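Following: one structure in structure tokens, then a few remarks.
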Amino acid sequence: MKRVLSAMAMAAVSCLLPASLAWAATPAVDLSGDWRFNSKAGQTPIIVDCQIRQTGTALAGSCEPRSDGSTPAPFTGGSLAGSQARWAYSVTFRGNPGTVEFDTEVKSPTRVTGTLKLNGKPSDLVGEKLGMEARLQRLEDESEIRRRLQDYMVLLHNRDWDKYVLMFSRDADIVMDEGTRHGRDDIRNRMSAASERMAKAAAGKPVRQSADLLSNVEIRVRGDIADVSSRFTFLAENETGQFVVRGSGLYLDSWVREDGEWLIKRRKVAWDLLAGASPSPPAGGKQP
């Protein structure tokens, strides 16, 4: 009887042992999600947004500073060992290569502290995982920017330049092939002059239908700034009553929240389809 009980006990232990070992190897926290990190670059406060994916103890994802013109920098090879979470990636800033290293201690599933090294220079770091309220705010901001883009297209079509310029921040820039316009007054003057030239060119001609369309909207909100791209397309009725694309391109925007309102801070107008702009084919052959 004793031998039977002993065998049963050993069998029970052998069944439990792998499960207990697997439990011990499972990380105590899951860092997967959106994080906001506060640190400094020299004496300048900075915020870095990171999207972290955790698989077991391996960390991967992307990080991006909250600054105009920044882009997400992907990383792999990060690790979580006990309460220590580390990851790093390479960046190019103003044409110069650099490194960014996160060396953190997990204080809770939603908070870490530690060191951020920019090209080896350390600064204190505090990180917080975004909760439900912050994620909902981001969705609301994206929805508001989409609505503002539609308002923009209506004002553009109606040539309402006084209200049109209020879509831009006071120090906004519009970058076009002809040059850069800075500030609301400069933008208004440019749009008004272009509108007058178009009106003179259309004088005495039949009034034809037209439409200004916006599509392919992509929005990335990071706190009080956002990167936005969209495609504009201008349709017009031609002499035969058919609708044709007169031009199309991309709006490449930086938006900013000022006094609680989302405004365009910088817009680059990148035409890629423009009636009459195609180069002439080379003599005696087709276009390359």
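Computed over protein heavy atoms with a 1.4 Å probe, the carbon and sulfur contribution to the accessible area of the chain reaches 55%. With the biggest extent put first, the Cα atoms of region 183-227 measure 50, 27, 8 Å across the principal axes.
Normalised by residue count, region 39-100 yields a Cα convex hull volume of 95 Å³ per residue.
Listed cross-link partners K205/K268; K117/K265; K163/K265; K129/K268; K121/K268; K40/K163 are compared with a 27 Å cut-off, the Cα-Cα value being larger for K205/K268; K117/K265; K129/K268; K121/K268; K40/K163. Plainly put, the chain has a radius of gyration that is 1.19 times its Kirkwood radius, both from alpha-carbon atoms, as the Rg/Rh ratio. Across region 240-256, computed HN-Hα scalar couplings (Karplus, 6.51 cos²θ - 1.76 cosθ + 1.60, θ = phi - 60°) run 9, x, 8, 8, 10, 7, 8, x, 7, x, 10, 9, 10, 10, 10, 10, 9 Hz from first to last residue, x flagging Gly and Pro. Across region 130-141, rounded Karplus estimates of 3J(HN,Hα) from the backbone phi angles (6.51 cos²θ - 1.76 cosθ + 1.60, θ = phi - 60°) give 5, x, 4, 4, 5, 5, 5, 4, 5, 5, 5, 5 Hz, Gly and Pro being marked x. Taken one residue at a time, the phi angles of region 180-192 give Karplus couplings (6.51, -1.76, 1.60, θ = phi - 60°) of 10, 9, 10, x, 5, 5, 5, 5, 4, 4, 5, 5, 5 Hz. Gly and Pro are set to x.
Using C-alpha pairs under 8 Å with a sequence gap of at least 6, the mean separation divided by the residue count of the chain gives a relative contact order of 10 percent. For the chain, the longest piece that avoids every one of the GluC sites (Glu not before Pro) found in DSSP loops with at most 11 other C-beta atoms within 10 Å covers 1-177. Over region 127-210, the reciprocal of the mean inverse Cα-Cα separation, the Kirkwood hydrodynamic radius, stands at 15.6 Å. Amide H of F93 versus every other amide H placed in the peptide plane: which residues, excluding those fewer than 5 positions away on the same chain, fall under 5 Å? Sorted by chain and number, the residues that satisfy this are G98. Share of pairwise Cα-Cα distances greater than 17 Å in region 55-176 is 72 percent (whole percent). For E258, the residues 5 or more places off, or on other chains, whose built amide H falls under 5 Å of its own are L263.
Ordering N189, V207, I219 by the projection of their Cα atoms onto the charge dipole of region 185-231, which places +1 on the Cβ of Lys and Arg and -1 on the Cβ of Asp and Glu, puts V207 at the extreme positive end. For region 172-253, the convex hull spanned by the alpha carbon atoms encloses 114 Å³ per residue. Could you give the angle, 0 to 90 degrees to the nearest 10, between helix 2-25's Cα long axis and the longest principal axis of the Cα atoms of the chain? So the helix axis and the longest Cα principal axis differ by about 30 degrees. Model label points for E218 and A201, set 7 angstrom from Cα along the Cα-to-Cβ axis, are 3.1 nm apart.
At a probe radius of 1.4 angstrom, the accessible area of region 190-255 per residue rounds to 57 square angstrom.
The values are calculated or read from the model by the stated rules, or taken from the named source; none is laboratory data. This is a predicted model, so every value here is computed, not measured. Ideal geometry is used to build each Cβ from the backbone, glycine not excepted, and the neighbour counts take in all protein chains shown. When the accessible area is computed, the model is the full protein with side chains, heavy atoms only, and any ligands, DNA or RNA have been set aside. Shrake-Rupley method; radii C 1.70, N 1.55, O 1.52, S 1.80 Å.
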